[in-house]
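The values are calculated or read from the model by the stated rules, or taken from the named source; none is laboratory data. Keep in mind that this is a model prediction, so the values were computed, not measured. All Cβ positions, even for glycine, are placed from backbone atoms using ideal geometry, and neighbour counts span all protein chains on display.
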Amino acid sequence: MIDLQIKVGDVKLRNPLILASGLLGSSYSSLNRAYENGFGAVTTKSIGVESRDGYPNPSIIYLEEIKSILNAVGVANPGYKVFTQELKEMNKDVQYVVSLFGSNPDEFVQMIEHIDEHIIVHSPSAYELNLSCPHAKKVGMAVGTDPEIINSIISCVKKSTRIPIWVKLTPNITNIISVAEAAISAGADALVAINTLKALMIDIYVKKPILSNIRGGLSGRSIKPIGIRTIFDLFEKYGLEIPLIGVGGVSKWQDVIEYFLAGANAVQIGSALNDYSSPKELTSKIIFVLENYLSDENVKIGELRGIAHE
Amino acid sequence: MIDLQIKVGDVKLRNPLILASGLLGSSYSSLNRAYENGFGAVTTKSIGVESRDGYPNPSIIYLEEIKSILNAVGVANPGYKVFTQELKEMNKDVQYVVSLFGSNPDEFVQMIEHIDEHIIVHSPSAYELNLSCPHAKKVGMAVGTDPEIINSIISCVKKSTRIPIWVKLTPNITNIISVAEAAISAGADALVAINTLKALMIDIYVKKPILSNIRGGLSGRSIKPIGIRTIFDLFEKYGLEIPLIGVGGVSKWQDVIEYFLAGANAVQIGSALNDYSSPKELTSKIIFVLENYLSDENVKIGELRGIAHE
Amino acid sequence: MNKRFNLPLCLPIEKITSEGLGTITLSFTIPSVLQTQPLPGQYFMIWNPGDDEIPISISNFDSNNSISFTICSEGETSNNLTKKNKSKLIGLRGPFGNGFDIVEKETAVLVAGGMGIAPLRYLIYYLLRRKNIKIILIYGAKVEKELFFKTELDNLSIEKHFCTDDGSIGYKGFPTEILDNLLKTTLEKKSTEIYACGPELMLKAILGVVKRYSLERFTQFSLADRYIRCGFGICGSCTLDDQGLTICHDGPVFRGDLLLNVKDFGLFGRKSDGSKFKL
Amino acid sequence: MNKRFNLPLCLPIEKITSEGLGTITLSFTIPSVLQTQPLPGQYFMIWNPGDDEIPISISNFDSNNSISFTICSEGETSNNLTKKNKSKLIGLRGPFGNGFDIVEKETAVLVAGGMGIAPLRYLIYYLLRRKNIKIILIYGAKVEKELFFKTELDNLSIEKHFCTDDGSIGYKGFPTEILDNLLKTTLEKKSTEIYACGPELMLKAILGVVKRYSLERFTQFSLADRYIRCGFGICGSCTLDDQGLTICHDGPVFRGDLLLNVKDFGLFGRKSDGSKFKL
Ligand SMILES: Cc1cc2nc3c(=O)[nH]c(=O)nc-3n(C[C@H](O)[C@H](O)[C@H](O)COP(=O)(O)OP(=O)(O)OC[C@H]3O[C@@H](n4cnc5c(N)ncnc54)[C@H](O)[C@@H]3O)c2cc1C
Ligand SMILES: Cc1cc2nc3c(=O)[nH]c(=O)nc-3n(C[C@H](O)[C@H](O)[C@H](O)COP(=O)(O)OP(=O)(O)OC[C@H]3O[C@@H](n4cnc5c(N)ncnc54)[C@H](O)[C@@H]3O)c2cc1C
Ligand SMILES: Cc1cc2nc3c(=O)[nH]c(=O)nc-3n(C[C@H](O)[C@H](O)[C@H](O)COP(=O)(O)O)c2cc1C
Ligand SMILES: Cc1cc2nc3c(=O)[nH]c(=O)nc-3n(C[C@H](O)[C@H](O)[C@H](O)COP(=O)(O)O)c2cc1C
Ligand code: FES
Ligand code: FES
């Protein structure tokens, strides 16, 4: 059997497929299931300080024609205190990443300190700071396009925890290097890119935007070439200096390879869940052919990182 | 018969479908043909001061899965002086828009003055300033993300010609309003959005980027929700203050309506040429059903503008 | 072909039937070019443009592509829907979920509680088209007025057992009691499939009953007490503990043997913020 | 099914055959799951990774999914391609263009000039599979060495007329002269279809000949002297004046009656910057 183990900085994963934040990530049960179903790690839905109901429906729409999803869930979540209860129920073998959003350094620190305090035995593998959600006000992208805010959030957070900090970046920006630079210099342990692209869809009979929030984020296969380009940009600039996690449109084994060649150490998978009948089918189909490819090419997956730059 | 005439500022078009720049736009023959085949107006390939061979191939790739195109043609063009000869051959009934790129105000003024001087009888309906091409160095997006440069280009150009100036904006930007504002305050007669999104694709066997230029621009159906969102953003901010031309992923009659509802006065069509056997098939199929819709809904196409904001 | 409309298919309301007590049935005609053949137990996300979108079971679907939804005024959105006028556009996204597994056994026992009649109504018509299945409906509500479709059901030649909490009509008591009684007496267990829909607490009680007869594997339960957002199983809003199955996609219909392992069945639902609430 | 590979299908070079004079034939096997059945006259964009991608006609395709391209060293990219080693990966994007219209007439006259033999070679094998068509090949080059596939062609039982500019082999003179002579003497015009490929100036001369016999409608010309970028007819690099037809997509094969109206046929090509050059 081919070894699919990879490392994101010091975090070792049994395979490079990570469940992306916001998908099947709001309860311990679905996170446990996704891990049992074969993901190398699972990411929680982004959690904030206060509970949020999210936006009314329609909030998640599948765009069949371009195999993509438009969503404005509005970071619905029960607040970090309640969610910590879910974390306590995680199976002990599960590697999980806790995604957090907030509007200032204090909020992030407050959440992380609470979780660190209450989840001692089976800690998260990393915290992922969602500095990139395109449709929530005052959080996500609103903070994630400003290098100074990014820098201060990460600096503060790094002081308050020993758990690795991953930073999720937005593609809705003129130059992603500006925010990557801020994240790296503040001590980020990995960069995750990309979150969704700001988008909108109108029904031509009702003549109104379909999402209740009007605007949402586009994910899925249509954004893959943009995600690949972003990881390529980051690897071109930083090389092996910082681990990169590629997200956006991964739905087949080829996409995993493509992200690695562009410079990623691992990938996250979200929208593609809709392409398969179950998370299990997704991971097993991808992993099976991935193994064949690696054995045909006679390389370890990690060795593919950044090769397209040569 | 339903009247499909529309106006973009003072420019009257027989229908709202404009051939986008860079598609079938490098010779008078293909421009004439596209107009005869039913477009309401046709846009030339972007023309610059000097001739350019463009990037080696592969430079244009069709991504079947997401019905999109990735291109880095590299604004191949024969230079404005040679291209003026093509313009002289345009059929007299053709409404055409000349797309121009340049790196500073002088270049734009130089080209426009030359064309104004040599094409007197059958002038362009507008000049479209390509401040948004994502893959050419020092031009396009390189100037199109800086509000000051935009402002100075447009101010200078407006002084040198009486022909309407359309400004084509890039979506590869944190906040499109910043550049739209600069364009409008400098006197732009219409905004055109969007150009392509910066993207990249790697072949997993060759392990290299497929485009010779490495990065390219993504167009076609995958970017429609982003184009719609951009026009929506612009209309929300400027309302009827400035005409808007929607571009990005228009391939069916529904897309035309959707752009109008978002706030557009007209649309441009590029990549969708590949969805139909000929430009004629494209325009006739779209126009036929568009007419049915308008008669069912009992509205004129222009009346749909911005309705989704109500 | 069971085509799914992933984007809301916006159709004018063609018919509105009042079912009494703030409950109405909305009917639409799906254009025949968009062929779809949804199953009983499947649901649509019903979008009231400008307002919200909520999951509603298919309460009928006929060969003329006419589809009906019966909506009970429970809160703001459902209430607004009950007040729409004819010809207004409503968006239909679906069908979603697995639907009932139609089993070719001699007898089908349908157990409905309150609004749970909606998907079972379509199931009845669906089964009636298969001549060889005997249908027994057990239908309970708090009071007579909440026994929707009573007249319509009276006109169908199926076996019916009505009950109300107050005895205002039919048996005074719960559907579970009638079911228990039938199982104890007349029903041939081997040739019976049970289909149940209603409040989760009632379903839990039914599970208790059928378990006593070792019929949990042959009883299908349609659940409705979780917040539904995407409808296609990706957002995770509607998962059941511990297996992490989704109601919207893996369900809403589950067999009893599976539900025995669902930790929160009949105990907790989940709200739109993901937090649990006691049922 | 004539499936098109829109993304370069990267395959190892399976066989390299030297055809002499800086010309080689590269063969690849297309995996059979990716069924395609390209037509003679269609071409692929051949990508030499890290270098460039150029249009090359299919010079053979057989039932084992083996596809061949014959490439003559004309400039940098073609030259680099002729120097590739076996097993190197080459990207194949295509098939593009319309291909020849295979007409079921008694006689097929194929007129090749120089490298124009490449697509006609595949056409010969394609026609040979249809037993009832008589094939006459007229093939000219500057000198004997440029008569590619001479030995291979000699082994085929078709009628052949070779010619060279210097008379080093075959008739001394141009293919047009042989064609003219055949049309004047033996050929039954009504039952003849003519297929021509070669430098545009030669094609122009052929058009002149066939027009005298009113055969322009029954003569198909495969053009190659325009810069090809996209291959699928959208970028406009390869348009013909005045009609604005594209060589890459509407062509590369056009009938003579249409070419009579093409203003720049045999006069101007277009370079990659879109400017015209004299042929
Ligand atoms: C699979 C399924 C099928 C259903 N079929 C029917 C039916 O045929 N007829 C019928 O009248 N009702 C049906 N319901 C219940 C119906 O969806 C709720 O009554 C409705 O969502 C209430 O919304 P509201 O805004 O009017 O009320 P609110 O005031 O918002 O809430 C009232 C109750 O409905 C729940 N609710 C609100 N929104 C949703 C949502 N998006 N998903 C799930 N629950 C929600 C709330 O949690 C609360 O318990 C079904 C529910 C599900 C899950
Ligand atoms: C439909 C078609 C089929 C062809 N079939 C064959 C074939 O089977 N065998 C063969 O040897 N040659 C064929 N050619 C010609 C071949 O494409 C050119 O010889 C090749 O592109 C030269 O590229 P280069 O970089 O080696 O030369 P360069 O030095 O770049 O140019 C040499 C000549 O080739 C032309 N050329 C360069 N790039 C292109 C391009 N992308 N598209 C068109 N012309 C180009 C140039 O304009 C110039 O006239 C075909 C051309 C076309 C259009
Ligand atoms: C329904 C949905 C909800 C999401 N919620 C979150 C979230 O809470 N936090 C976050 O960082 N990203 C969220 N995302 C973005 C994804 O994590 C991911 O970055 C994006 O979808 C691109 O990956 P994909 O193309 O594989 O889906 C969400 C995406 C979807 C489709
Ligand atoms: C092959 C190709 C070439 C293009 N060249 C230009 C160009 O020269 N100037 C320009 O402003 N836009 C150019 N574009 C962008 C289009 O005009 C248009 O903005 C974009 O493709 C989105 O529209 P679409 O989705 O309808 O293709 C080009 C696009 C393609 C696909
Ligand atoms: S509602 Fe999204 S998973 Fe069930
Ligand atoms: S090469 Fe693009 S149109 Fe012919």
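Every residue, every condition in (1) within 14 Å of another protein chain (Cβ to nearest Cβ); (2) of a type in the set (Phe, Trp, Tyr); (3) within 24 Å of B:Arg305 (Cα to Cα); (4) surrounded by 23 or more Cβ atoms within 10 Å (Cβ to Cβ), yes or no:
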position: B:Ile154; (1), (2), (3), (4): no, no, no, yes
position: B:Val167; (1), (2), (3), (4): no, no, yes, yes
position: B:Thr230; (1), (2), (3), (4): yes, no, yes, yes
position: B:Glu236; (1), (2), (3), (4): yes, no, yes, no
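When B:Val289 is tested against (1) out of contact with any strand residue (DSSP E or B) (no Cβ under 9 Å at 6 or more places or on another chain); (2) within 20 Å of A:Leu70 (Cα to Cα), only condition (2) is not met. Only a single criterion out of (1) under 21 Å from C:Gly41 (Cα atoms); (2) in contact (Cβ under 8 Å) with a residue 24 or more places away in the chain; (3) in a loop (DSSP other than H, G, I, E, B) is not satisfied by C:Asp166, namely (1).
Taking the listed residues B:Asn292, B:Asn274, the one that is loosely packed, with under 15 Cβ neighbours inside 10 Å and part of a helix (DSSP H, G or I) is B:Asn292, with no other qualifying. For segment A:10-22, the candidate set comprises residues that are in a loop (DSSP other than H, G, I, E, B) and surrounded by fewer than 24 Cβ atoms within 10 Å (Cβ to Cβ); within that set, the residue that is nearest to the chain's Cα centre (by Cα) is A:Asn15. When segment C:236-262 is limited to residues that are more than 8 Å from chain A (Cβ to nearest Cβ) and not hydrophobic (A, V, I, L, M, F, W, C), the one that is nearest to ligand 5 (Cβ to nearest atom) turns out to be C:His249. Scanning segment B:46-83 for residues that are at positive phi, more than 9 Å from chain D (Cβ to nearest Cβ) and within 16 Å of ligand 6 (Cβ to nearest atom) turns up B:Gly74, B:Val75.
Do we have A:Thr196 as in contact (Cβ under 8 Å) with a residue 60 or more places away in the chain and within 14 Å of chain B (Cβ to nearest Cβ) here? Criteria met by A:Thr196.
Here A:Asn37 does not qualify as crowded, with 21+ Cβ neighbours inside 10 Å, in contact (Cβ under 8 Å) with a residue 60 or more places away in the chain and not aromatic (Phe, Trp, Tyr).
Return a yes/no flag: does segment B:238-248 have any residue that is more than 30 Å from B:Ala142 (Cα to Cα), of a type outside the set (D, E, K, R) and in a helix (DSSP H, G or I). Checked segment B:238-248: no residue is more than 30 Å from B:Ala142 (Cα to Cα), of a type outside the set (D, E, K, R) and in a helix (DSSP H, G or I).
Would you pick out the residues in segment B:93-121 that are under 17 Å from B:Ala188 (Cα atoms), surrounded by fewer than 23 Cβ atoms within 10 Å (Cβ to Cβ) and in contact (Cβ under 8 Å) with a residue 60 or more places away in the chain? Answer for segment B:93-121, where residues must be under 17 Å from B:Ala188 (Cα atoms), surrounded by fewer than 23 Cβ atoms within 10 Å (Cβ to Cβ) and in contact (Cβ under 8 Å) with a residue 60 or more places away in the chain: there is none.
Within segment C:242-254, the set of residues being under 17 Å from C:Ser272 (Cβ atoms) and surrounded by fewer than 24 Cβ atoms within 10 Å (Cβ to Cβ) is empty. Contact map, segment D:67-88: first residue on the phi > 0 side of the Ramachandran plot and more than 9 Å from ligand 2 (Cβ to nearest atom), second residue not polar (S, T, N, Q) and not in a strand (DSSP E or B), Cβ cut-off under 8 Å, separation 6 or more or different chains; pairs are D:Ser87/D:Ile13.
Checking D:Gly266, D:Gly233 one by one, the residue that is away from ligand 2 (no atom under 12 Å from the Cβ), more than 9 Å from chain B (Cβ to nearest Cβ) and small (Gly, Ala, Ser) is D:Gly266 and no other. Screening D:Leu201, D:Leu147, D:Leu153, D:Leu137 for residues that are over 21 Å from D:Asp257 (Cα atoms), surrounded by fewer than 22 Cβ atoms within 10 Å (Cβ to Cβ) and under 20 Å from the mean Cα position of the chain (by Cα) leaves exactly one candidate, D:Leu153.
Apart from one condition, A:Gly25 fits all of (1) closer than 22 Å to A:Gln254 by Cα; (2) within 14 Å of ligand 3 (Cβ to nearest atom); (3) not in a helix (DSSP H, G or I); the exception is (1). Only one entry of C:Gly20, C:Gly41 meets the criterion of being within 19 Å of the chain's Cα centre (by Cα), at pLDDT below 95, on the phi > 0 side of the Ramachandran plot and away from chain A (no Cβ under 14 Å), and that entry is C:Gly20.
Residue by residue, here is whether (1) under 23 Å from D:Asn64 (Cβ atoms); (2) assigned by TED's automatic domain parsing to the domain that holds D:Leu21; (3) at pLDDT 90 or above holds:
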| position | (1), (2), (3) |
| --- | --- |
| D:Met115 | no, no, yes |
| D:Leu120 | yes, no, yes |
| D:Leu137 | no, no, yes |
| D:Lys145 | no, no, no |
| D:Lys150 | no, no, yes |
| D:Leu153 | yes, no, yes |
| D:Glu159 | no, no, yes |
| D:Thr164 | no, no, yes |
| D:Ser168 | no, no, no |
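Screening segment C:208-275 for strands (runs of 3 or more DSSP E) wholly inside it with 2 or more residues that are away from ligand 4 (no atom under 16 Å from the Cβ) and at pLDDT below 95 returns the ranges C:268-270. Provide a single number: the residues in segment C:17-35 that are in a strand (DSSP E or B) and closer than 26 Å to C:Arg229 by Cα. Counting residues in segment C:17-35 that are in a strand (DSSP E or B) and closer than 26 Å to C:Arg229 by Cα gives 7. In segment A:231-259, the residues that are modelled with pLDDT of 95 or more reach residues that are part of a loop (DSSP other than H, G, I, E, B) and among the acidic types (Asp, Glu) with C-beta atoms within less than 9 angstrom, at least six apart or across chains, in these pairs: A:Ile242/A:Asp189; A:Pro243/A:Asp189. Residues being in contact with a strand residue (DSSP E or B) (Cβ under 9 Å, 6 or more places away or on another chain), part of a loop (DSSP other than H, G, I, E, B) and within 14 Å of another protein chain (Cβ to nearest Cβ) are entirely absent from segment A:175-183. More than 22 Å from D:Ser191 (Cβ to Cβ), buried (at least 20 other Cβ atoms within 10 Å of the Cβ) and in contact with a Leu (Cβ under 7 Å, 6 or more places away or on another chain), is that true of D:Ile90? In short, yes.
Of everything in segment A:203-224, what is facing chain B (nearest Cβ under 7 Å) and surrounded by 24 or more Cβ atoms within 10 Å (Cβ to Cβ)? Give them in sequence order. Passing the criteria: A:Pro209, A:Leu218, A:Arg221, A:Ser222. Against the criterion of being more than 16 Å from ligand 3 (Cβ to nearest atom) and within 14 Å of chain A (Cβ to nearest Cβ), C:Arg212 does not qualify.
Would you call D:Ala196 closer than 15 Å to D:Gly116 by Cβ, away from ligand 1 (no atom under 16 Å from the Cβ) and modelled with pLDDT under 95? So D:Ala196 does not fit the description; no.
Counting residues in segment D:71-85 that are of a type in the set (Gly, Ala, Ser) and in a strand (DSSP E or B) gives zero.
Only one of C:Thr192, C:Thr164, C:Thr186, C:Thr176 is away from chain A (no Cβ under 14 Å) and within 18 Å of the chain's Cα centre (by Cα); which? Testing whether each residue is away from chain A (no Cβ under 14 Å) and within 18 Å of the chain's Cα centre (by Cα) leaves just C:Thr176.
How many of the residues making up segment C:4-60 are touching a strand residue (DSSP E or B) at 6+ places or on another chain (Cβ under 9 Å) and away from ligand 5 (no atom under 16 Å from the Cβ)? Qualifying residue count, segment C:4-60: 36.
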